[in-house]
Amino acid sequence: MSQHTTGHTKLLCLLGSPVAHSISPEMHNEACALLGLDYHYLAFDVPADRLETAVSGLKELGVAGFNLTMPDKNRMAELCDELSPAAKIGGAVNTVVNDNGRLIGHTTDGVGYMMSARDAGCDLKGKRMVQLGAGGAGTAILVQAAMDGLAAIDVFNTRDAFWPRVEGIVEQLNQQTQCRVTLHDLADLEQLRRSLADADLLLNTTPVGMSKIPGCLIPDSTYFHPGLVVSDVIYEPKETELLRMAREAGLKTFNGMYMLLYQGAASFELWTGEKMPTEAIKEKYFK
């Protein structure tokens, strides 16, 4: 990656806490360099209690746009002047475009997942999905999947303090899309088995399966059926316990690695008007 900073260079950035681990700066700066675009992308550690101040400063500086990661996505939705339809339903923003001082909030996590599914050979339009979890990226995927034409989504979530919020999102999706979305208690294993019997895709959006939270929310492979595709938004480890179980049962699987790529590509196009050279970025950072 080689870039020349000028007096005309436009700033892009990532806000969240922590952010030091993110590959977004490398990915976006490489894409700008490959396309000869005069932008530079930086990461700033900004917890939620400092977000409003940081955003005000970025707006005054005239930045082109920025990404949000946890814990800033929900608060950013309140700070935007305008929200995309998906961001409005989900109440979270991971991408902001500065349109001459007017901050427009988008959510590209769901777009990224749907693109990664197509990349894996899964056309989900008209299909049925079972989704585990509806927090963070899970909400964005739920909203985008319903808007993109899935026939039905059974979403299973823990009955915690966020349950009423998920109920509200499900109600909006049933009113505003043609997708039939049903919310279930994650603890209801019999309902999970029934829902999976009719599903084309099983998606885990919870942190269960990460290196620091090992395990699997599906008790055993008898919950699977031939032809079911199994996906996980987790990409570290590359194969979670869920994906291993599904692979050993002979099912097609894919993880969240390319979701990360494609959500970034969607943000990149919103800011620059150019398509990210995803194949080149994939080859360098996602192999």
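The values are calculated or read from the model by the stated rules, or taken from the named source; none is laboratory data. From a predicted model like this one, the values you see are computed outputs, not experimental measurements. Neighbour counts are summed over all protein chains in view; Cβ atoms, including those assigned to glycine, are modelled from backbone coordinates with ideal geometry. Surface areas here come from the heavy atoms of the whole protein model, side chains and all, with no ligands, DNA or RNA. Shrake-Rupley method; radii C 1.70, N 1.55, O 1.52, S 1.80 Å.
Taking the conditions exactly as written (out of contact with any Ser or Thr (no Cβ under 9 Å at 6 or more places or on another chain) and not in a helix (DSSP H, G or I)), does V55 satisfy them or not? No.
If you filter the range 50-72 down to residues that are within 18 Å of the chain's Cα centre (by Cα) and either over 23 Å from A265 (Cα atoms) or modelled with pLDDT under 95 (or both), you find that the one that is most open to solvent (accessible area, probe 1.4 Å) is M70. Residues that are within 20 Å of the chain's Cα centre (by Cα) and either surrounded by 14 or more Cβ atoms within 10 Å (Cβ to Cβ) or at positive phi (or both) within the range 164-185 comprise R165, V166, I169, V170, Q172, L173, T177, C179, V181, L183, listed in sequence order.
Scanning for something of a type in the set (A, V, I, L, M), in contact with a Ser or Thr (Cβ under 8 Å, 6 or more places away or on another chain) and part of a loop (DSSP other than H, G, I, E, B), does the range 1-14 turn up at least one residue? No, there is no match, as no residue in the range 1-14 is of a type in the set (A, V, I, L, M), in contact with a Ser or Thr (Cβ under 8 Å, 6 or more places away or on another chain) and part of a loop (DSSP other than H, G, I, E, B). The set of residues from the range 90-104 being crowded, with 24+ Cβ neighbours inside 10 Å and either in contact with a strand residue (DSSP E or B) (Cβ under 8 Å, 6 or more places away or on another chain) or of a type in the set (A, V, I, L, M, F, W, C) (or both) comprises A92, V93, N94, T95, V96. Considering only residues in the range 22-41 that are aliphatic (A, V, I, L, M) and in contact (Cβ under 8 Å) with a residue 40 or more places away in the chain, the one that is nearest to M70 (Cα to Cα) turns out to be I23.
Would it be correct to say that D109 is in contact (Cβ under 8 Å) with a residue 12 or more places away in the chain, over 26 Å from E269 (Cβ atoms), of a type in the set (D, E, K, R) and open to solvent by less than 30 Å² (accessible area, probe 1.4 Å)? Judged against the criteria, D109 is not a match.
Any idea how many residues of the range 125-150 are touching a Lys or Arg at 6+ places or on another chain (Cβ under 8 Å) and over 17 Å from M259 (Cα atoms)?
2
Among the residues of the range 112-122, the one identified as open to solvent by less than 10 Å² (accessible area, probe 1.4 Å) and under 14 Å from D200 (Cα atoms) is A117. Would you confirm, using the coordinates I've provided, whether D188 is exposed (fewer than 14 other Cβ atoms within 10 Å of the Cβ), modelled with pLDDT of 95 or more, of a type in the set (D, E) and touching a strand residue (DSSP E or B) at 6+ places or on another chain (Cβ under 8 Å)? Taking the combined requirement at face value, the residue satisfies it. Number of residues in the range 265-275 that are touching a strand residue (DSSP E or B) at 6+ places or on another chain (Cβ under 8 Å) and either surrounded by fewer than 24 Cβ atoms within 10 Å (Cβ to Cβ) or among the aromatic types (F, W, Y) (or both): the value is 4.
In this structure, R75 does not satisfy being over 23 Å from A140 (Cβ atoms), open to solvent by 40 Å² or more (accessible area, probe 1.4 Å) and among the basic types (K, R). Considering only residues in the range 252-280 that are under 18 Å from the mean Cα position of the chain (by Cα) and of a type in the set (A, V, I, L, M), the one that is nearest to G209 (Cα to Cα) turns out to be M257.
Looking at L243, is it of a type in the set (A, V, I, L, M) and either within 30 Å of R102 (Cα to Cα) or free of Cβ contacts under 8 Å to residues at least 60 places away in the same chain (or both)? Criteria met by L243.
Considering only residues in the range 195-212 that are over 10 Å from V130 (Cα atoms) and hydroxyl-bearing (S, T, Y), the one that is modelled with the lowest pLDDT turns out to be S211.
Among the residues of the range 228-257, those that are crowded, with 22+ Cβ neighbours inside 10 Å and assigned to a helix (DSSP H, G or I) comprise L242, L243, A246.
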